[in-house]
Every structure is written in C-alpha cells, then in structure tokens.
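Each value in this text was obtained by applying a stated rule to the coordinates, not by laboratory testing. None of these values were measured; they are calculated from a predicted model. No Cβ is skipped: glycine too gets one built from the backbone with ideal geometry, and neighbour counts run over all protein chains shown.
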Amino acid sequence: MVGTQPQTPKHLEDWLRDAHAMEKQAEKMLEAQASRLEHYPQLKTRIEQHLEETRGQTEKIEECISLLGADTSAVKDLGGKMAAFGQAMGGMMAGDEVVKGGMASYAFEHFEIASYKALIQAAEKASKPDIARICEGILKEEEAMAQWLAEHLDDTTRMFLERSEDGDLRAKT
Ligand code: MG
Ligand code: FE
C-alpha cells in the first residue's frame with residue numbers, strides 16, 4: 001500500500017483556517033467601505049452585495065472544516081495570520097479615499113482567488129471533492145467581484161478626479 005495512502009489533509013485544514021481568517025478580514029474591510037461611499041452608489045451597491053456573499057463564504061468555510069471532521073470552535077479565536085496583510089489593506093481602506101479603497105479591494109480579491117485555487121488543489125489531493133466543489137463556488141464569487149472591480153476602477157477614479165477638480169471636499173467618499 002506504499003504510495004497509495006491518502007495524504008493527510010494537514011495543509012487542507014490549515015488553509016481552510018487561513019481562509020476563514022481571510023474572510024473575517026474581508027468582512028471588516030467591506031463593512032468599512034460600504035458605510036461610506038455615498039457619492040459612488042454603484043460601487044457601494046456592489047460592495048454590499050459582496051459583503052453578503054462574504055458572510056456566506058465564512059459559513060461555507062466552517063462547513064468545510066466540519067466536513068473534514070475538524071473542530072470548528074477553534075476558528076473563532078483565529079485572526080493573527082491575516083493581521084499583517086489585513087492591516088496594510090485595512091489601513092488603506094480606513095482612509096477615506098475611494099480610489100485607495102478600490103485598489104485595496106482589487107488586491108484583496110486576487111489574494112482570495114489565489115487562496116481558493118490552492119484550497120481546491122489541496123481538497124482534490126486529500127480526496128475531498130465535496131470541499132473542492134464548495135471552494136469552487138466561492139472562487140466564482142471572488143472572480144466575479146475582481147472582474148467587476150477591474151471593469152469599474154477606471155470610472156471610479158475618473159469620477160473622483162472630476163469631483164476633486166470641482167473642489168468638492170466630499171469627493172473622496
Ligand atoms: Mg471572500
Ligand atoms: Fe471576496
């Protein structure tokens with residue numbers, strides 16, 4: 001049986017816990033953004049939609065951890081792993097400028113995409129197709145958000161620049 005034994009899903013479990021921390025961080029960042037942006041209603045609406053998706057993703061990750069037979073109570077007190085990245089991104093978002101927030105969101109969505117791609121491979125390797133399918137579903141939501149941002153960042157930036165030229169002091173949000 002040498003070589004045929006399934007790989008212990010150690011990485012899968014670790015990476016699911018990382019993903020859980022990542023989604024918690026995403027939730028904080030999206031909440032902060034959605035609470036502003038009164039001059040960018042289209043962007044605000046899309047962010048609110050993704051905030052709802054993100055809350056669902058957190059639950060799906062908890063489901064994946066359960067499917068693995070791991071203890072989900074431990075995920076509650078996580079958070080350290082995403083701290084450095086999250087603080088850098090969150091710092092940009094905490095600023096009140098819509099363009100910086102858009103840049104941070106764009107970067108964060110791509111980090112999420114890469115994370116779910118890795119998770120799908122880890123789940124397949126560990127013979128956990130149910131987990132792989134859930135992660136594929138989440139991946140589609142992240143890709144759709146990244147795509148939307150890619151298509152709207154130029155307009156958002158131009159709108160911001162025009163408002164700034166007009167001396168609108170509230171242009172930033
Ligand atoms: Mg997400
Ligand atoms: Fe996302």
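Taking R0 as 45 Å, what FRET efficiency do you get between ARG158 and ARG133 from their Cβ-Cβ distance, rounded to the nearest 0.05?
Given R0 = 45 Å and the Cβ-Cβ separation, E is 0.70.
What do you get for Rg/Rh of the range 23-74 when both radii come from the Cα atoms and Rh is the Kirkwood radius?
A ratio of 1.16.
Whole-Hz ³J(HN,Hα) for each residue in the range 131-136, computed from phi via Karplus 6.51 cos²θ - 1.76 cosθ + 1.60 with θ = phi - 60°, x for glycine and proline: what do you get?
Result, ordered by residue: 5, 4, 5, 4, 5, 5 Hz.
Using R₀ = 30 Å, calculate the FRET efficiency as 1/(1 + (r/R₀)^6) where r is the Cβ-Cβ separation of GLU63 and ALA150; round to 0.05.
For R0 = 30 Å, the calculated efficiency reads 0.55.
Give me the one-decimal nm value for the distance between modelled label points at GLU48 and ILE113, 7 Å along each residue's Cα-to-Cβ direction.
Reported label-point gap for GLU48 and ILE113 is 2.6 nm.
Along Cα→Cβ, 7 Å out, is where each label goes; now give me the distance between the ones at GLN121 and ASP14 in nm to one decimal.
Going from the GLN121 label point to the ASP14 one covers 1.5 nm.
State, to one decimal in nm, how far the label point of GLU27 lies from the label point of GLU143, with both points 7 Å from Cα in the Cβ direction.
2.6
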